[in-house]
Amino acid sequence: MRVTRLIAAAVLALGGLVAATQAMARGPFYFGGSVGQSNIDSDIAIPGLITSGTVDGKDTGFKIFGGYEFNQYFGVEIAYVDLGKASYSGRYGAATVTGGKVDVWGLNFSAVGILPLNPSFSLFGKLGVFGWEAKWSDTTGGFPYSSTENGGDFSVGVGLNFTFNQNFSARVEWERFRVGGGEDAYTGLPNSTGSANADLLSLGVVFKF
């Protein structure tokens, strides 16, 4: 499946980065978690799941992440990201659609560029690959429908980090993930969900060791 190939390629790329920088001064490993508001575009449901109606893409999202900083300017990061759900209802052609929802989650692999501003504050930007999975369900024309779909696409992000001490810091960040429009997880057929942007604005804590 396309998502499997993308994840495998990302893992190999990260492995290559680690091997290529073994001679550099080693930086700290870190792990942490963030929570905030996610917002998935209406394109996730229109026109693949409904041809007309309403979509509410705002929900609570979170992520758990870990990474490695090769030096003060560059690192890599892997994260499990849960983007919450988008709710939808309306019509698909002549059929009424009710109780629709799309849950989206996945693994994100990214390279991280860091710009130190002073000993306490630093800016960072991320460019990566997001291997996502989405589960949708609704009732269309009185009949229940559901499917699990997956795919992969690029992700970007920017943020501000505040360091309290050498082991603990906090970050605020905005990230955009491209989701939907992949393939069914079981059949490999094209997805019913459409390709959409999913944003996550979050506040998190980071522990270094």
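The values are calculated or read from the model by the stated rules, or taken from the named source; none is laboratory data. Keep in mind that this is a model prediction, so the values were computed, not measured. Note that each Cβ is placed from the backbone with ideal geometry, even for glycine, and that neighbours are counted across all protein chains shown. Accessible surface is based on the protein model in full, side chains and every heavy atom, while ligands, DNA and RNA are left aside. Shrake-Rupley method; radii C 1.70, N 1.55, O 1.52, S 1.80 Å.
Tabulated results
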{"read-out": "Any hit, segment 53-66, residues being of a type in the set (Gly, Ala, Ser), open to solvent by 10 Å² or more (accessible area, probe 1.4 Å), in contact with a Lys or Arg (Cβ under 8 Å, 6 or more places away or on another chain) and farther than 24 Å from residue 152 by Cβ", "value": "yes"}
{"read-out": "Residue among 157, 113, 100, 84 that alone is touching a Lys or Arg at 6+ places or on another chain (Cβ under 9 Å) and closer than 19 Å to residue 42 by Cα", "value": "84"}
{"read-out": "Any hit, segment 129-137, residues being at pLDDT below 95 and at positive phi", "value": "no"}
{"read-out": "Subset of segment 169-192 (residues that are modelled with pLDDT of 95 or more and open to solvent by less than 70 Å² (accessible area, probe 1.4 Å))", "value": "169, 170, 171, 172, 173, 175, 177"}
{"read-out": "Meets criteria (at pLDDT below 90 and surrounded by 16 or more Cβ atoms within 10 Å (Cβ to Cβ)) for residue 7", "value": "yes"}
{"read-out": "Selection count where residues are closer than 20 Å to residue 199 by Cβ and surrounded by fewer than 15 Cβ atoms within 10 Å (Cβ to Cβ), scope segment 152-168", "value": "3"}
{"read-out": "Among residues of segment 121-149, those that are more than 17 Å from residue 196 (Cβ to Cβ) and open to solvent by 40 Å² or more (accessible area, probe 1.4 Å), counted", "value": "10"}
{"read-out": "Given (1) within 20 Å of residue 205 (Cα to Cα); (2) of a type in the set (Val, Ile, Thr); (3) open to solvent by less than 60 Å² (accessible area, probe 1.4 Å), index of the condition residue 104 fails", "value": "(1)"}
